[in-house]
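> Can you keep this structure in mind? I'll have questions shortly.
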């Protein structure tokens, strides 16, 4: 007599996953593994393939080529079964604005297969868990962005899925709502739920156990944030990283920094610049060169690579065609400088 089935180690496994629309390659050769109970952050500019990837993994769109399993099920052959085991929160939340909070939640819970007493109990419990009970009779159209976000998450998790896809869940909501959503994400992960979240915010990416970066349909790099910042390609031998902060703002010295022969990479980071420079160049020399252009004081301090620096550097390597990223890192992308608005954004 056979024993119980072994515990599933991975909730997402893809090999050579590809999606083509006519002449457009939306996702190209994606190899991805996400462990059960992990919070995986997927980054990339608009059009990089993030949403297409999620839709294939949800069984909503068939791959052109390649293989993928989600919660142990084949996306080609078992898409209906997959949809019953996952939750999906889209970029626009997908709510019915002419229904109340409770009606939206009941509808989505029933779509995921809940009925009768179980449906009623789960709706009541989920409303309470996400602080929606007092708003249960309010129309979704009347909710603010933060409350719509909260309701959309409730609709995605009411059936207690094994895996939840959150597609840019914090876009357009206030910082307090962002922080609250991440508390719920951690709470779900602690209960064993696997999370795949797409985001434009670098501070959110750093909260994930693993991050991957997509650009022009291909994965540039994937790994734990701490491991990615230590890749030898990010700060090559013979170089170091510094931050340059100018009293007149980063724009005042950006052009000059790019023209200096000992500067390899320049990225705007808020009101400062992150520079990858030759190791032998002194801070005083960098400051003097930049001050000559800005006619203002420039402060230089040594820094370690950030996750943003990782994407910038590996993008340059990819674009220049110098070399491939390290073994164990997936491939593909680009990153441009962020904005600070409660978190840094990729474009």
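> Need one number for segment 130-184: average projected area of the convex hull over its C-alpha atoms, nm².
Quarter of the Cα hull surface area: 4.1 nm².
> Angle check, please: helix 307-320 long axis (alpha carbons) against the longest principal axis of the chain (alpha carbons), in degrees 0 to 90, nearest 10.
Helix 307-320 and the main axis of the chain meet at about 70 degrees.
> Same structure, new question: Taking a temperature of 4 °C and a viscosity of 1.567 mPa s, what whole-number D in µm²/s does Stokes-Einstein yield for segment 235-304 with Rh from Kirkwood over alpha carbon pairs? Working shown, then result.
Details: Rh = 11.6 Å.
Translational D for this selection: 112 µm²/s.
> Contour minus end-to-end for residue 65 and residue 121, with contour as 0.36 nm per residue of separation and end-to-end as the Cα-Cα distance?
Result for the pair: 16.0 nm of gain on full extension.
> If packing is taken as the mean number of other Cβ atoms within 10 Å per residue, what is the order of 66-72, 190-196, highest first?
66-72, 190-196
> Something else about it: Name the shape class, rounded, prolate or oblate, that the alpha-carbon gyration tensor gives for segment 1-151, where a ≥ b ≥ c are the square roots of its eigenvalues, rounded holds for a/c under 1.5, and otherwise prolate holds if a/b is larger than b/c and oblate otherwise. Before the final figure, lay out the partial values.
Numbers: a/c = 2.31, a/b = 1.42, b/c = 1.63.
Oblate, since a/c reaches 1.5 and b/c is not below a/b.
> Taking the radius of gyration and the Kirkwood hydrodynamic radius from Cα positions alone, what is the Rg/Rh ratio for the chain, to two decimal places?
1.04
> Something else: Once you have the Cα-Cα distance between residue 134 and residue 74, take 0.36 nm times their residue separation minus that, and quote the gain in nm to one decimal.
Full extension of this stretch gives 17.5 nm more.
> At a temperature of 25 °C and a viscosity of 0.890 mPa s, determine how fast segment 13-69 diffuses translationally according to Stokes-Einstein, using the Kirkwood radius over alpha-carbon pairs as Rh; express D in µm²/s, rounded to the nearest whole number. Could the numbers behind the result be given before it?
Values: Rh = 11.7 Å.
Reported coefficient: 209 µm²/s.
> Compute the FRET efficiency between residue 295 and residue 319 as 1/(1 + (r/R0)^6), taking r as their Cβ-Cβ distance and R0 = 30 Å, and round to the nearest 0.05.
My answer for the efficiency is 0.35.
> Cα axis of helix 283-294 to longest principal axis of the chain: angle in degrees, 0 to 90, nearest 10?
90 degrees
> Relative to the compact-globule scaling 2.2 N^0.38 Å, provide the ratio for the alpha-carbon radius of gyration of segment 144-259.
Numbers: Rg = 18.5 Å, N = 116, 2.2 N^0.38 = 13.4 Å.
It is 1.38.
> For residue 262 and residue 227, what is the calculated FRET efficiency with R₀ set at 25 Å and r taken between the beta-carbons, to the nearest 0.05?
E(calc), rounded to 0.05, equals 0.35.
> Pull out the extension gain between residue 271 and residue 99, defined as 0.36 nm times the separation in residues minus the alpha carbon to alpha carbon distance; nm, one decimal. Let's see the in-between values first.
Working: separation 172, 0.36 × 172 = 61.92 nm, distance 4.44 nm.
This chain segment gains 57.5 nm when fully extended.
> Something else about it: Considering only DSSP beta bridges where both residues belong to the chain, give the percentage that are antiparallel (nearest 5).
Expressed as a percentage, antiparallel bridges in the chain total about 70.
> Something else now. Sum -39500 (n - 2.57) across every DSSP H segment of at least 4 residues in the chain, then divide by the residue count to get the 222 nm mean residue ellipticity, nearest 500.
That calculation yields -9500 deg cm²/dmol at 222 nm.
> If neighbour count is taken as other Cβ atoms inside 10 Å, put 48, 177 in order from fewest to most.
177, 48
> Roughly how tilted is helix 145-157, in degrees to the nearest 10 and between 0 and 90, from the longest Cα axis of the chain?
It is inclined by approximately 60 degrees.
> Related question: Could you tell me what % of all Cα pairs in segment 100-204 have separations over 24 Å?
19 percent
Bear in mind that the values in this text are calculations on the coordinates, not laboratory data. If you're wondering where the values come from, they're calculated on a predicted model, not measured in any experiment. Cβ sites come from the backbone with ideal geometry, for glycine too, and all protein chains shown count toward neighbours.
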